[in-house]
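J.: Pasting a structure here, questions to come.
The values are calculated or read from the model by the stated rules, or taken from the named source; none is laboratory data. Quick caveat, the model's predicted, so the values are computed rather than measured. Positions of Cβ are backbone-derived with ideal geometry, glycine not excepted, and every protein chain shown enters the neighbour counts. Ligands, DNA and RNA are excluded from the accessible area calculation, which covers all protein heavy atoms including side chains. Shrake-Rupley method; radii C 1.70, N 1.55, O 1.52, S 1.80 Å.
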Amino acid sequence: MERYDDRLAYIIIVVITSVAFVGGVKLFIKLTEVLKSEYLANYDRSISEYIQQYRTPALTDYFVFVTNMGDTVGYLIAFTTCTLLFYFFFKSWKYVLQFAMVMVLALSSNLILKQAINRARPDAEHLVTVETLSYPSGHAMMAMAFYGLLIYFVFQFSISKIFRTTLILLLLILILSIGISRIYLGVHFPSDVAGGFIAGFIWVVFCIMIFNLIKIFKRDPAT
């Protein structure tokens, strides 16, 4: 009986993440279907103009710094830092491998989706250099995938409630800032960022579902 009670928490997480995964996929498909609609174009234009009207040298410096954190070098630094911390505190490569899994899935699927959907970048002035296509935003997708999974890990760590809450809040601000930076810098439509966040969320809940299924089978191979 105790064995099944122990598995219940993992089963609940699997059910919740399964529902979230299906819902996320449906939402992403729905958004993708209306990319060329006039009303979405109006929303994109209105939101972009609203955000870009607040451009200042100081704010531009902040968003360029934040957007650089969402580039390849930024994630290499973040991944290396997390790898060292996880190994130092937990003496395990489990979290590192799980991070690698979600990053590979998010990055590869983003490249495929960009080529398949083939949406051009906004015509507005670009404050940073970009070379790839627009939808979904790779920065938003990777931010949600990487830092979203890190938030899940933080919930599992044995740390004080205040420290956990502060850390999660900072990570949420970072995810949101990376997304907004792409609109502010003129290199993405708001719908690109929304699509990136949704796609990144899909991979986070998918990986969490897989991780918990593995835990269930490890506790009871006969499941």
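J.: Return the residue satisfying two criteria in turn: it lies in segment 112-127 and is outside any loop (DSSP other than H, G, I, E, B) and in contact with a Ser or Thr (Cβ under 8 Å, 6 or more places away or on another chain), and of such residues it is least open to solvent (accessible area, probe 1.4 Å). Spell out the reasoning first.
T.: Within segment 112-127, the first condition is being outside any loop (DSSP other than H, G, I, E, B), and the residues that meet it are 112-117.
From the residues that got through so far, the ones that are in contact with a Ser or Thr (Cβ under 8 Å, 6 or more places away or on another chain) too are 114, 117.
Details: 114: 10, 117: 45 Å².
Top of the filtered list is 114.
J.: Moving to a separate point now. If residue 160 meets every condition in (1) at pLDDT below 90; (2) of a type in the set (Gly, Ala, Ser); (3) open to solvent by less than 10 Å² (accessible area, probe 1.4 Å) apart from one, which number is that one?
T.: (3)
J.: Take residue 24 and tell me if it is free of Cβ contacts under 8 Å to residues at least 24 places away in the same chain, within 29 Å of residue 151 (Cα to Cα) and either of a type in the set (Gly, Ala, Ser) or open to solvent by less than 40 Å² (accessible area, probe 1.4 Å) (or both).
T.: no
Let's see how each residue does on (1) outside any helix (DSSP H, G or I); (2) farther than 26 Å from residue 58 by Cα; (3) open to solvent by less than 10 Å² (accessible area, probe 1.4 Å):
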position: 141; (1), (2), (3): no, no, yes
position: 148; (1), (2), (3): no, yes, no
position: 151; (1), (2), (3): no, yes, no
position: 168; (1), (2), (3): no, no, no
position: 171; (1), (2), (3): no, no, no
position: 191; (1), (2), (3): no, no, yes
position: 200; (1), (2), (3): no, yes, yes
position: 207; (1), (2), (3): no, yes, yes
position: 212; (1), (2), (3): no, yes, yes
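J.: Counting just the residues of segment 65-92 that are open to solvent by less than 40 Å² (accessible area, probe 1.4 Å), in a helix (DSSP H, G or I) and in contact (Cβ under 8 Å) with a residue 24 or more places away in the chain, which one comes out farthest from residue 179 (Cα to Cα)?
T.: Filtering first and then ranking leaves 82.
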